[in-house]
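Asker: Questions regarding the structure given below will be posed in turn.
What follows draws every value from the coordinates through simple rules; no lab data is involved. Because the structure is predicted, anything quoted here is derived from the model rather than measured. Quick reminder, even Gly has a Cβ in these numbers, built from the backbone with ideal geometry, and neighbours come from all protein chains shown.
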Amino acid sequence: MTTKAEFLARLRHGMPQGQGSLAAEVADRPAHPAEAVEVIRRQLSERWPETLARFQTEFERVAGVFHRVPTAAEVPDVVGRLARERQARRLIAWHPEALGADWSAALTAEGLTVELMPRGEIDDEPTRPALRRRIAEADLGLTGADLAVAETGSLVLIAGRGRPRSTSLLPPCHVAVFGRSALVESLAQVSAFFEAWHSDAAPEWKGGVINVITGPSRTADIELTLIRGVHGPQELHAIFVEADAPTATGRHG
């Protein structure tokens with residue numbers, strides 16, 4: 001039985017470990033967000049290897065698992081291996097237009113039952129709960145990533161047509177695919193993208209929920225016992241495609 005004094009002592013001991021890792025500062029709001037995004041992209045076209053290395057370090061620090069493949073053709077091989085290791089059978093994925101590639105045949109050849117998200121909005125109210133149940137019953141969720149933030153090891157995903165946020169939240173294992181065009185260095189740069197998306201977003205995804213995912217779901221109870229997978233996936237995997245992932249990410253800048 002833990003006493004009150006012991007519990008408070010553990011809190012005092014644990015709090016300094018999470019302090020001082022990132023300095024908080026207010027980012028200036030760009031006058032022309034789309035132009036600011038283009039400047040960021042040009043800068044990162046030269047220093048993306050360093051940005052990727054830092055992303056991997058921070059992503060693994062928050063318990064993410066990083067994979068790297070030469071081209072998009074190797075993505076199903078990685079997903080298939082993950083499925084076999086977990087004895088997974090069912091995979092739910094963004095619609096190919098949102099994902100930027102259709103890996104259905106290759107994933108089926110890996111022994112998976114693949115269900116793709118509908119292309120458009122789900123306006124039929126009875127259909128939504130049934131779709132959500134199927135997503136929750138899937139073993140793997142496959143998505144793209146709109147941004148990969150090196151500073152924090154975070155993935156940014158925009159919800160919208162063909163890319164419901166439940167795809168990344170409900171299955172116990174989430175796999176996100178991204179390429180160089182998704183890489184950013186800092187949260188300050190992310191804010192420029194948010195401004196651009198808000199003002200210049202394409203109709204098919206404007207107004208969608210933006211999820212910022214930093215590691216798998218983790219929850220600590222009053223005894224500070226850390227448990228994964230209570231409010232989201234137990235595992236988070238990121239697949240970096242060296243030839244740049246064929247996702248819809250490019251249009252977001």
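Asker: Show me the ranking of peptides 45-56, 138-149, 88-99 by mean Cβ neighbours inside 10 Å, starting with the highest.
Answerer: So the peptides 45-56, 138-149, 88-99, ranked by packing, come out 138-149, 88-99, 45-56.
Asker: Which whole-Hz ³J(HN,Hα) couplings does the stretch 82-93 yield from phi under the Karplus relation 6.51 cos²θ - 1.76 cosθ + 1.60, θ = phi - 60°, glycine and proline marked x?
Answerer: For the stretch 82-93, the Karplus curve yields 4, 5, 5, 5, 9, 6, 7, 10, 10, 10, 10, 9 Hz.
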